[in-house]
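First up is the structure itself, then whatever we jot down about it.
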Amino acid sequence: EDQVTQSPEALRLQEGESSSLNCSYTVSGLRGLFWYRQDPGKGPEFLFTLYSAGEEKEKERLKATLTKKESFLHITAPKPEDSATYLCAVPNQAGTALIFGKGTTLSVSS
Amino acid sequence: IAGITQAPTSQILAAGRRMTLRCTQDMRHNAMYWYRQDLGLGLRLIHYSNTAGTTGKGEVPDGYSVSRANTDDFPLTLASAVPSQTSVYFCASGSGGDREQFFGPGTRLTVL
């Protein structure tokens, strides 16, 4: 069964304290991995797509990387406005939908 | 408009009532999706449509129905609401298959 597991469930950082979020997956034949950001009371906002092991994508203080078993979302020198829930997702085997992890809730304090 | 709109923003509904959640996209995406998001369970797919005129069942389809008469609209209907359908509902659209999806702002539904 395809599964996506994110860790940690919650992460508290001080402003400027870099860290990484993990997304591990069990799918046969990965056809893409997606990262989203979700603010309270809003819909998920698309961040990145990664398609192959070794691929990296960057946006401001965020960098997503992909291996054959997992993906990391690295946050460099975070700011309070980076506080949100970060979700990762992979396509299901049928290619009809995305399977989402339960997310990591990041809180950055100044 | 640009993106996906959902209506209503929130709704309180008596159990047994019929309710339709509306979703419209203007990105000309072929595929559209309905998810529900519950604390501790994450996002779960209810129904999807790969193209206008076709629909399919997701992980949690019971109690819900959808239609896709055209490219832009994908309404979700609860025929007879039950309290377990209290949730936040998100509509999404995309190119389909293994491509990224883009989400609407959500509808918060409470069934009493």
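Since every read-out is calculated from the coordinates, none of them should be taken as a lab result. Since the model is a prediction, treat every value here as computed from it, not as a measurement. Counting neighbours? That spans all protein chains shown, and the Cβs are built from the backbone with ideal geometry, glycine included.
General observations
- Taking region A:3-24 and a reference point 7 angstrom along Cα→Cβ of residue A:69, the backbone N atoms nearer than 20 Å belong to A:3-9, A:20-24.
- Out-of-range pairs (alpha-carbon distance over 27 Å; input A:42/A:68; A:59/A:102; A:68/B:57; A:102/B:57; A:68/A:102): A:42/A:68; A:68/B:57
- Taken over region B:6-112, the convex hull of the Cα atoms encloses 90 Å³ per residue.
- Across all C-alpha atoms in region B:67-112, the radius of gyration and Dmax reach 13.0, 37 Å.
- Quotient of the Cα radius of gyration of the protein assembly as shown and 2.2 N^0.38 Å, N being its number of residues: 1.02.
- Relative contact order (%) - criterion: Cα under 8 Å, at least six apart; region: chain B: 36
- For residues of B:42-48, the mean tally of beta carbons on other chains within 10 Å: 5
- Averaged over the residues of peptide A:90-97, the number of Cβ atoms from other protein chains lying within 10 Å of each residue's Cβ is 6.
- Burial order of peptide ranges A:6-16, B:63-73 (average beta-carbon count within 10 Å, highest first): B:63-73, A:6-16
- The mean sequence distance of close C-alpha pairs (under 8 Å, at least 6 residues apart), as a share of the length of chain A, puts its relative contact order at 37 percent.
- Chain A: equivalent-ellipsoid semi-axes (sqrt of 5 x gyration tensor eigenvalues, Cα, Å): 24, 14, 11
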